[in-house]
Amino acid sequence: MAYKFNFSFLADRWPAFLEGAWLTVQLTVTSIALGFLVGTICAVLRVYGNGLTRRIVGAYVEIIRNTPLLVQMFIVYFGIASLGVKLSAEVSAVIALVINAGAYTTEIMRAGIESISKTQLEAADCLGLSRFDTIVHVVLLPAMERVYPALSSQFVLLMLASSVTSQISAEELTAVANVIQSDTYRSFEVYLIVAALYISLSFVYRFLFTLTGMILFVRRRKLGTAL
Amino acid sequence: MAFDANGAVLAEPQGDAVVKVRDVVKFFGQLKVLDGVSLDVKAGDMVAIIGRSGSGKSTLLRCMNGLEDIQEGKIVICGHEVGYGQSNRADLRRDVGMVFQSYNLFPHLTVQRNITLALTLVKKKSKAEAQRLAEQVLDQVGLADKMLSYPEQLSGGQQQRVAIARSLALSPQVMLFDEVTSALDPELTVEVLRVMEDLAKGGMTMILVTHEMAFAQRVANQVVFMHKGKVWEAGPTRELFSSPKTSEFAQFIGTGL
Ligand SMILES: Nc1ncnc2c1ncn2[C@@H]1O[C@H](COP(=O)(O)OP(=O)(O)O)[C@@H](O)[C@H]1O
Ligand SMILES: [Mg+2]
């Protein structure tokens with residue numbers, strides 16, 4: 001019962017795979033950037049905000065962390081549609097991914113922010129720094145440095161999880177694969193190729209996160225020590 | 001300096017006091033940490049606050065700088081009333097500098113950026129001007145060559161001198177020091193004390209909590225002995241040390257009255 005591999009469909013389908021991969025990159029890079037922004041703001045509100053903002057952020061994080069991404073995405077996609085607003089599958093996908101990434105970023109950045117000692121805040125206060133400047137210049141960068149490995153992993157996971165957006169037919173890598181395998185009946189081969197492309201993307205993302213870390217965390221780059 | 005021991009006011013407050021503390025009461029929960037503290041500090045004074053651990057020295061200093069609220073009494077520092085909420089914060093910060101036992105430098109920033117941060121963000125100095133000021137204050141504390149180092153690359157004594165320089169760069173009227181040498185080895189303590197002595201000679205108004213008795217005796221012109229949340233004994237350094245009035249103070253300085 002020897003399976004005979006047949007990759008001949010690649011000859012004319014390879015551009016479709018690459019286009020799908022490229023859309024995955026576009027969707028996820030946008031979602032990671034915006035999700036990081038949302039999550040960081042929420043983390044600050046969670047740690048330094050008043051009772052109300054803490055509770056709102058807490059509820060947001062709990063809801064997102066305890067529901068499947070697929071369901072979140074359907075709710076965003078069909079929910080927005082039923083409000084009469086027509087959004088493309090890609091935009092809906094990005095919104096859902098941002099909401100999802102934002103919640104996980106909130107939890108990770110919260111741990112980082114909480115690791116910054118009160119004495120750092122006091123020192124900044126005594127120098128006359130505003131709350132905003134203190135958060136931006138004294139808190140966020142070291143907080144991020146401390147949780148950066150967790151943050152990078154989470155974002156790679158998000159890139160992989162973006163495959164569920166194929167369910168609302170965003171034309172990303174997995175969606176493209178679904179189409180090709182139904183055309184060619186070479187399901188096994190098609191998903192092997194998709195897996196290889198996801199692995200390559202993961203490596204590229206990890207590399208880029210490492211690079212970004214080196215640019216952001218100058219002290220660490222120069223001294224090589226943990227904060 | 002006016003002071004009271006067990007509630008008795010022993011001298012009239014000075015009119016030109018830059019720091020006025022009146023009958024301050026401070027609780028942490030049920031614990032009364034400051035129990036009617038009053039003192040005045042004149043411009044150019046160097047006041048050493050001494051006393052046993054837990055007597056309320058740090059709390060008093062923190063109250064003066066608005067880091068803790070008070071429940072009763074009044075604190076006026078450089079014309080700013082502090083102790084109740086956040087009023088006047090920016091003005092207060094412009095006039096009062098504070099240095100902590102644990103240095104509290106920003107570990108992710110170079111020595112230079114530690115110093116220029118507030119200069120550019122708060123005082124709105126240009127980058128060049130801030131840099132020039134950083135050079136000047138670092139030179140003053142003998143660390144001109146450490147401009148681009150990170151805090152972790154410095155010894156404790158050097159870090160503390162940077163912390164002093166950082167505060168100094170904002171040209172405060174009054175500087176508060178809370179046991180700034182307590183975390184340091186004796187040989188590193190010396191270099192920090194030397195910087196503080198230079199500051200005192202330069203006319204800076206300084207209030208310091210310290211365990212360095214010899215230093216306090218030699219450099220401070222006023223001494224405040226705190227005990228159980230009160231100013232137990234206070235006055236000009238020489239007088240105080242040569243003739244302790246209370247057995248607690250005598251015991252503290254080891255003469256055993
Ligand atoms: N943040 C705080 N919360 C509760 N109690 C405190 C706090 N800070 C200080 N205390 C208590 O207040 C008293 C005075 O402390 P402190 O001012 O630090 O004394 P000192 O500096 O003279 O050693 C101590 O009993 C201490 O345990
Ligand atoms: Mg103390």
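The values are calculated or read from the model by the stated rules, or taken from the named source; none is laboratory data. What you are looking at is a predicted structure, and each value in this text was computed from that prediction instead of being measured. Virtual Cβ from ideal backbone geometry, glycine too; neighbours counted across all protein chains shown. Only protein heavy atoms, including side chains, enter the accessible area calculation; ligands, DNA and RNA are left aside. Shrake-Rupley method; radii C 1.70, N 1.55, O 1.52, S 1.80 Å.
Against the longest principal axis of chain B, how steep is helix B:111-121, in degrees 0 to 90 to the nearest 10, with axes from Cα atoms?
Tilt of helix B:111-121: around 80 degrees.
In terms of the Cα gyration tensor, with a ≥ b ≥ c the square roots of its eigenvalues, is the range B:2-253 rounded because a/c is under 1.5, prolate because a/b exceeds b/c, or oblate? Walk me through the numbers before you get to the answer.
Working: a/c = 1.95, a/b = 1.50, b/c = 1.30.
Prolate shape, in that a/c is at least 1.5 and a/b is the bigger ratio.
Give the residue list of GluC sites (Glu not before Pro) in the range B:36-140 that are DSSP loop and have at most 11 other beta-carbon atoms within 10 angstrom.
Details: sites: B:Glu68, B:Glu72, B:Glu81, B:Glu129, B:Glu135; in loops: B:Glu68.
Answer by residue number: there is no such site.
What's the average, rounded to a whole number, of partner chain beta-carbon atoms within 10 Å of each residue's beta-carbon in A:75-81?
Values: counts 0, 0, 0, 0, 0, 0, 0.
Mean partner shielding for this stretch: 0.
Would you tally the net charge around A:Leu27, using a Cβ to Cβ cut-off of less than 14 Å, leaving A:Leu27 out, and scoring K and R as +1, D and E as -1? Don't skip to the end; give the middle numbers.
On the way: positive: none; negative: A:Glu19, A:Glu90, A:Glu171, A:Glu172.
Combined, the nearby Lys, Arg, Asp and Glu give -4.
Within 10 Å, at most 14 other Cβ atoms, and a DSSP state outside H, G, I, E, B define an exposed site. Report the longest part of chain A free of exposed chymotrypsin sites (Phe, Trp or Tyr not before Pro).
That gives A:8-184 as the longest site-free run.
Counting only other chains, what is the mean number of Cβ atoms within 10 angstrom of the Cβ of each residue in peptide B:104-113? Display every interim value, and only then the final one.
On the way: counts 10, 2, 9, 7, 14, 6, 3, 0, 0, 2.
Neighbouring Cβ atoms belonging to other protein chains average 5 per residue here.
If one takes the longest principal axis of the Cα atoms in chain B, at what angle in degrees, from 0 to 90 and to the nearest 10, does the Cα axis of helix B:186-201 lie?
The helix B:186-201 is inclined about 80 degrees to chain B.
Report the B-A buried area as the accessible area lost on both sides summed, probe 1.4 Å, in Å² to the nearest 100. Spell out each step's value before the answer.
On the way: alone 11680 and 12560 Å², together 22220 Å².
Rounded to the nearest hundred, the buried surface is 2000 Å².
Apply the a/c threshold of 1.5 to the C-alpha gyration tensor of the range B:14-92 and tell me whether it is rounded, prolate or oblate. Numbers along the way, then the final one.
Numbers: a/c = 1.83, a/b = 1.19, b/c = 1.53.
Here the range B:14-92 falls in the oblate category.
Counting only helical runs of four or more DSSP H residues, what would the 222 nm mean residue ellipticity of chain B come to if each run contributes -39,500 (n - 2.57) and the total is spread over all its residues?
Details: 9 runs with 89 residues, N = 257.
-10000 deg cm²/dmol, from helical runs alone.
Relative contact order (percent) for the range B:2-253, with alpha-carbon contacts under 8 angstrom and 6 or more residues of separation? Present the calculation step by step, with values, prior to reporting the outcome.
Values: 507 pairs, mean separation 66.4, N = 252.
Reported relative contact order: 26 percent.
Out of all Cα-Cα pairs in the protein assembly as shown, roughly what percent, to the nearest whole number, are more than 32 Å apart?
Here the long-distance tail beyond 32 Å is 55 percent of all Cα pairs in the protein assembly as shown.
Can you tell me how the range A:33-146 classifies by the Cα gyration tensor, rounded, prolate or oblate, using a/c under 1.5 as the rounded cut? Present the calculation step by step, with values, prior to reporting the outcome.
Numbers: a/c = 2.69, a/b = 2.53, b/c = 1.06.
It is prolate, given that a/c is not under 1.5 and a/b is the larger ratio.
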